[in-house]
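Asks: What follows is a structure written as structure tokens; I'll ask about it next.
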Amino acid sequence: NVDTIDISQARSLIYAQRFKDGLALADATWQRWEERGNKADPQMLTLLRAISSAAEAAGDLPRAETAYKDAIDMAERLYQRPHPDTAWVVGIYGSFLVAQARYAEAEPYLERALDMRRNLLGDAHPDTLNGIAAMGRLRGGQQNLTEALRWFAEGIAICRRANVQHNVCPRLLGSHAQALSINGDLAGAASEATEAVAMQRALTGADSPQ
């Protein structure tokens, strides 16, 4: 149908970093859906995820925040019980708040998302590990280095124990290295940064921007 085609095209434009064009099409699709009665629809959750990420990337933070909140509302209407999609939108909004240094507001969202992911997906799922990393970033932002290091170390231990082959694992190592450096452990930081680079190279190749 028209919505499916427009959502697909809007997402393609956004992925191509044509944020203005993508957001214009996405907003028109969203407005059309609202005018039809605002019923819960998985396609609209997909659209809201695209709108929020595009608006944030384009620097329109108020638009992004509205879309994140709308996405949480949509997910909660679609799924009466905990669901990975709900965990994703709750967690990504928490990370958005951390990026704005709104740490007290972010904490309940990040904790809720992580709890859902642990229960639904298990500790070694990349989404759960991203939730653990987000808690580490939150504590780091709050200047609680001890807790930040604990969260990053927990994620790294899971990566190693379960042999997780995903980009979240070198990111956890890099974040832990950065926290170690701030804490004055330059030798430990250098060792983990080197390990992170080697792990990323093994995952995505020597020429990867990551």
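The values are calculated or read from the model by the stated rules, or taken from the named source; none is laboratory data. Just so we're clear, the structure is a prediction, and the values are computed from it rather than from any experiment. Positions of Cβ are backbone-derived with ideal geometry, glycine not excepted, and every protein chain shown enters the neighbour counts. Each accessible area value is taken on the protein alone, full model and side chains, heavy atoms only, with ligands, DNA and RNA left out. Shrake-Rupley method; radii C 1.70, N 1.55, O 1.52, S 1.80 Å.
Asks: Which pairs turn up if I take residues in region 159-184 that are basic (Lys, Arg) and look for partners that are surrounded by 20 or more Cβ atoms within 10 Å (Cβ to Cβ) with beta carbon separation below 7 Å, at least 6 apart in sequence or on another chain?
Replies: Short answer, once both residue conditions are applied: Arg171/Ala133.
Asks: Moving to a separate point now. May I ask you to list the residues in region 54-94 that are of a type in the set (Ser, Thr, Tyr) and either surrounded by fewer than 20 Cβ atoms within 10 Å (Cβ to Cβ) or touching a strand residue (DSSP E or B) at 6+ places or on another chain (Cβ under 7 Å) (or both)?
Replies: Across region 54-94, the qualifying residues are Thr66, Tyr79.
Asks: Another question, then. Quick check on region 6-28. Is at least one of its residues open to solvent by 20 Å² or more (accessible area, probe 1.4 Å) and closer than 22 Å to Leu120 by Cβ?
Replies: Checked region 6-28: no residue is open to solvent by 20 Å² or more (accessible area, probe 1.4 Å) and closer than 22 Å to Leu120 by Cβ.
Asks: Can you name every residue in region 158-188 that is touching a Lys or Arg at 6+ places or on another chain (Cβ under 9 Å) and of a type in the set (S, T, N, Q)?
Replies: Ser175
Asks: On to the next question. If you take the residues of region 113-153 that are farther than 21 Å from Gln178 by Cα and among the basic types (Lys, Arg), which of them is most open to solvent (accessible area, probe 1.4 Å)?
Replies: In this case the residue turns out to be Arg118.
Asks: Which of the residues that make up region 29-53 are open to solvent by less than 30 Å² (accessible area, probe 1.4 Å) and among the polar types (S, T, N, Q)?
Replies: Thr29, Ser52
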